[in-house]
Amino acid sequence: MASIPLVMTLGNSMLIPVLPIFEKKVGITSFQSSTIITSYSVAAIILIPVAGYLSDRFGRKLIILPSLVLAFIGGLIAGFSSWKLEDPFFWITIGRILQGMGAAGATPIILPLVGDLYKDDDEKASSCLGIIETSNTFGKVLSPILGSLFAVFLWFLPFFSISFFSLISIVLVFFFIKVPKGKKEEPQPFKQFLKKTKEIFKQEGKWLYPVFLLGAYAMLILFAVLFFMSDILEKTHNIEGVKKGFVLAIPLFTLCVSAFLTGKKIKGDTTVMKWVLVIALIMVSASVIFVGYVNEKLFLLLVVTSILGTAIGGMLPTLDALITEGIEKEERGTITSFYSSSRFIGVAAGPPLMSLLMKEYLNISYIASGALGGLLLFLVLVLIKPEKSGDQTKTA
């Protein structure tokens, strides 16, 4: 299961450090090169809820495997068009859209699958979610390094590598994930599905909406800061290429370790989960406001962003666990898919927002980010109220 978020993270983040090379080789503008990333994310955002609905009705594995095949095919299309065509941009974009569709049908389905496999063991479920988030983050750590290394040999090799990694994940999922056999049910009519989804949001929305906002906020801050660091490391500190990838990996490594340890410690206890979120939001709000002020001092910048990474690493598996353990199995895929869409929105919005704000409003934007974290902290304190039994998340 952990191979899936690893592959999908590599599939997107690995291309970011080599976009300038693509611009020169394909003869495209910076805006066009950015669509290589955004086409992936937009396709995922749109289709994730559909994949969640289908997984609830037809089974997790039955949706995950074809989705991984789509990611495999998308990588081949993007790679071969870059290799063989004189003007490959259109087909690269088609390949990236297919990869985004694959991400939509694979990554968000992992969360409800964990709930299905460990439905009677909250401790194992939380631990597994921590490993999955660690794998996701480990992919972010590897991405800038691997992307730069592959591009040294062939500029279009990152596209083919995505297909290779997807093939490995297909084999692992096919042979090693054994979904428990339950009573087969007829697929729910779509109108009934919409009605049921509305009922869930009406009943559970008080704590679900803050969880969605937290997921979007965490990824927005993470990718905005990474984009800023990537730019500032070259322009201010003259750190480029693979060396820059290793420096970027430092705060991501702290995120990775934090996600793993948090998944081990929360053990299905929603009271603990709430206070992990409270502490993490305090850390995020307190650290993000200093990013702009310390950007010229590399050591201080890495200290601040490492604190930020640690906090976000604590948030991610906690949010996963809240939804996985707070929603019934029949609707879990749908709800986790909406949550995954909110995270993709943060990923897609972070870099372009930072590119617009960092020239004139850098410190103001980070102070505003800290204030937003404070507002979300208030929502967590007021709206996320675990039952005394610790079995399920409830709201005020």
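Scan the range 90-118 for residues that are in contact with a helix residue (DSSP H, G or I) (Cβ under 6 Å, 6 or more places away or on another chain), at pLDDT below 90 and of a type in the set (A, V, I, L, M, F, W, C) and jot them down.
Correct list: M101, A103, A104, A106, I109, I110, L111, L113, V114.
Is there any pair with a first residue in the range 290-313 that is under 15 Å from L261 (Cβ atoms) and a second that is β-branched (V, I, T) whose Cβ atoms are under 6 Å apart and which are 6 or more apart or on different chains, and what are they?
S306/T254; G309/T254; T310/T254; A311/V284
Mind checking which pairs have a first residue in the range 63-81 that is farther than 13 Å from M8 by Cα and in contact (Cβ under 8 Å) with a residue 12 or more places away in the chain and a second that is among the hydroxyl-bearing types (S, T, Y) and assigned to a helix (DSSP H, G or I), Cβ under 7 Å, 6 or more apart or different chains?
I63/S55; L76/S163; G79/S163
Filter the range 248-270 for residues that are modelled with pLDDT under 85 and of a type in the set (V, I, T) and give the result.
The answer is I266, T270.
I need the full set of residues from the range 285-330 which are β-branched (V, I, T) and touching a Phe, Trp or Tyr at 6+ places or on another chain (Cβ under 8 Å), in order please.
In the first step, residues of the range 285-330 are kept if they are β-branched (V, I, T); the result is 288-289, 291, 294, 303-305, 307, 310, 312, 318, 323-324, 327.
Result: V288, I289, V291, V304, I323.
Would you please name the residue that is nearest to D269 (Cα to Cα), looking only at residues in the range 296-329 that are at pLDDT below 90 and not in a helix (DSSP H, G or I)?
The qualifying residue nearest to D269 (Cα to Cα) is I327.
So V18 clears everything in (1) modelled with pLDDT of 80 or more; (2) under 23 Å from the mean Cα position of the chain (by Cα); (3) β-branched (V, I, T) except one condition, right? Which one?
(1)
Considering the range 110-130 alone, what residues qualify as being over 18 Å from R343 (Cα atoms), touching a residue at least 12 places away in the same chain (Cβ under 8 Å) and either in a helix (DSSP H, G or I) or touching a His at 6+ places or on another chain (Cβ under 7 Å) (or both)?
Listed by number, the residues that qualify are L113, V114, G115, D116, L117, D122, E123, A125, S126, S127, C128.
For the range 292-321, name all the residues that are farther than 19 Å from F246 by Cα, of a type outside the set (S, T, Y) and surrounded by 18 or more Cβ atoms within 10 Å (Cβ to Cβ).
G292, A311, I312, G314, M315, L316, P317, L319, D320, A321
Name the helices (runs of 4 or more DSSP H) wholly within the range 1-65 that hold at least 3 residues that are buried (at least 22 other Cβ atoms within 10 Å of the Cβ) and of a type outside the set (V, I, T)?
Qualifying helices (runs of 4 or more DSSP H): 3-13, 30-58.
Considering each of E133, E123 in turn, give the residue that is within 30 Å of S306 (Cβ to Cβ), of a type outside the set (S, T, Y) and more than 22 Å from the chain's Cα centre (by Cα).
Details: E133 fails: more than 22 Å from the chain's Cα centre (by Cα).
That would be E123, the only listed residue that is within 30 Å of S306 (Cβ to Cβ), of a type outside the set (S, T, Y) and more than 22 Å from the chain's Cα centre (by Cα).
Criterion first (in contact with a Phe, Trp or Tyr (Cβ under 9 Å, 6 or more places away or on another chain), modelled with pLDDT under 90 and under 18 Å from L157 (Cα atoms)) does L85 satisfy it? Working first, answer last.
Values: in contact with a Phe, Trp or Tyr (Cβ under 9 Å, 6 or more places away or on another chain): yes; modelled with pLDDT under 90: yes; under 18 Å from L157 (Cα atoms): yes.
Criteria met by L85.
Going by what's in this entry, would F176 be described as surrounded by 14 or more Cβ atoms within 10 Å (Cβ to Cβ), at pLDDT 70 or above and aromatic (F, W, Y)? Give the derivation first.
Values: surrounded by 14 or more Cβ atoms within 10 Å (Cβ to Cβ): no; at pLDDT 70 or above: yes; aromatic (F, W, Y): yes.
No, not satisfied.
Going by the structure shown, is T107 buried (at least 24 other Cβ atoms within 10 Å of the Cβ), assigned to a helix (DSSP H, G or I) and among the polar types (S, T, N, Q)?
So T107 fits the description; yes.
Of the residues that sit in the range 202-247 and are at pLDDT below 85 and of a type in the set (S, T, N, Q), which one is farthest from V304 (Cα to Cα)?
Q203
Just checking, how many residues over the range 235-271 are closer than 30 Å to V152 by Cα and either of a type in the set (F, W, Y) or assigned to a helix (DSSP H, G or I) (or both)? Lay out the reasoning, then the answer.
Pass one, the range 235-271, residues closer than 30 Å to V152 by Cα: 235-257.
Checking the rest, the ones that are also either of a type in the set (F, W, Y) or assigned to a helix (DSSP H, G or I) (or both) come to 235, 241-257.
Total satisfying the criteria: 18.
What residue, of A2, A44, is within 20 Å of L146 (Cβ to Cβ), within 14 Å of the chain's Cα centre (by Cα), of a type in the set (A, V, I, L, M, F, W, C) and at pLDDT 80 or above?
Values: A44 fails: within 20 Å of L146 (Cβ to Cβ).
Answer to the check: A2.
The values are calculated or read from the model by the stated rules, or taken from the named source; none is laboratory data. Predicted model only: the values in this text are computed from it and were never measured. Neighbour counts run over all protein chains shown; Cβ positions are idealised from the backbone, glycine included.
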